[in-house]
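Everything below concerns the one structure shown next.
The values are calculated or read from the model by the stated rules, or taken from the named source; none is laboratory data. Because the structure is predicted, anything quoted here is derived from the model rather than measured. Glycine gets a Cβ as well: all are built from the backbone with ideal geometry, and neighbour counts include every protein chain shown. Surface areas here come from the heavy atoms of the whole protein model, side chains and all, with no ligands, DNA or RNA. Shrake-Rupley method; radii C 1.70, N 1.55, O 1.52, S 1.80 Å.
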Amino acid sequence: MPASRRTKAGITSLAAISVLLLAPLSAPVAQAAPASHPAAGIQDECSTPSINRLQKWLASGEGTTVPATGSLLVPEGDGYAAKIVFQNNEWHVAVVWLGNQFDAQADLSHSSGFWMTYAADDDLYVQLRPASHWSGGDKWLTRIPATGGQLVRKFFPFDPGAWTWLPELGQPQYSFASALSEARGLVFVGKTPNSLDFRELLIDGYQPPCL
């Protein structure tokens, strides 16, 4: 990721907690959707590597990760997976741009949530980051539970009760509803060694534009 992008991503040092993208692992777990919950239809992929038309899965350069920077997308079967390894006991950051470019945003106010197929050795978080409040640690977030390294499919609802904020990082000065209306990205964060493998991130009611 270019230096200018990393600057916009927020964290300048682990000591500056007020601008961290991160939080302790204590938020409520997003619940799996009932079997009857309708998921959005399978979307055609982009002509360049993508997962559910999301082309920008990026290592931000924050924390010791493999890869250290750049795209997480690697060939997997007939498509692609997004893979990153968090190393050491320190904070790490991986970003998905919902509009496939930093300056884009998506209105998810009518979306019920997103399906994700993933594997994780340990718990981590995902933050919903709006265009108008991209930087700083005072963000809405929800916990992504560990899967024991096995691929699982789970639904994460955009129910305000499933998202929270942490006192250590400060209370968001905007509503969760407003964050949904101008969503720029989903930011995955964690501070423990972790091996992450993403195969699906399908957002109800939203089709990312291919670039």
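Considering only residues in region 46-62 that are in contact (Cβ under 8 Å) with a residue 60 or more places away in the chain and open to solvent by 30 Å² or more (accessible area, probe 1.4 Å), the one that is farthest from ASN89 (Cα to Cα) turns out to be SER47. Restricted to region 161-172, and to residues there that are open to solvent by 20 Å² or more (accessible area, probe 1.4 Å) and of a type in the set (Gly, Ala, Ser), the residue that is modelled with the lowest pLDDT is GLY170. Just one of the listed residues (LEU180, LEU151, LEU186) is within 27 Å of PRO67 (Cβ to Cβ), at pLDDT 95 or above, of a type in the set (A, V, I, L, M) and buried (at least 18 other Cβ atoms within 10 Å of the Cβ), and it is LEU186.
Scanning region 116-148 for residues that are out of contact with any Gly (no Cβ under 9 Å at 6 or more places or on another chain) and either open to solvent by 30 Å² or more (accessible area, probe 1.4 Å) or of a type in the set (Ser, Thr, Tyr) (or both) returns THR117, TYR118, SER132, HIS133, TRP140, THR142, ARG143, ALA146, THR147, GLY148. Against the condition among the polar types (S, T, N, Q) and either open to solvent by less than 10 Å² (accessible area, probe 1.4 Å) or closer than 20 Å to TYR80 by Cα (or both), how does SER175 come out, does it pass? Considered against the rule, which asks whether it is among the polar types (S, T, N, Q) and either open to solvent by less than 10 Å² (accessible area, probe 1.4 Å) or closer than 20 Å to TYR80 by Cα (or both), SER175 comes out as no. Taking first residues from region 68-80 that are in contact (Cβ under 8 Å) with a residue 24 or more places away in the chain and over 8 Å from LEU58 (Cβ atoms) and partners that are surrounded by 14 or more Cβ atoms within 10 Å (Cβ to Cβ) and not aliphatic (A, V, I, L, M), the Cβ contacts under 6 Å between residues at least 6 apart in sequence or on separate chains come to LEU73/PRO49; LEU73/TRP57; LEU73/TYR80; TYR80/PRO49.
Looking only at residues in region 96-115 that are under 15 Å from GLU182 (Cα atoms), under 15 Å from the mean Cα position of the chain (by Cα) and not small (Gly, Ala, Ser), which one is surrounded by the fewest Cβ atoms within 10 Å (Cβ to Cβ)? The residue in question is GLN101. When GLY136 is tested against (1) of a type outside the set (S, T, N, Q); (2) at pLDDT 95 or above; (3) assigned to a loop (DSSP other than H, G, I, E, B), just one condition goes unmet, and that condition is (2). Taken over region 44-58, residues that are in a loop (DSSP other than H, G, I, E, B) and among the β-branched types (Val, Ile, Thr) amount to 1. The residue pairs whose first member lies in region 181-210 and is farther than 15 Å from ILE84 by Cα, whose second member is of a type in the set (Asp, Glu), and whose beta carbons are closer than 6 Å, counting only pairs six or more residues apart or on different chains, are SER181/ASP107. Only strands (runs of 3 or more DSSP E) whose full extent lies in region 140-211 are considered here, and none of them has at least 3 residues that are among the hydroxyl-bearing types (Ser, Thr, Tyr) and touching a Ser or Thr at 6+ places or on another chain (Cβ under 8 Å).
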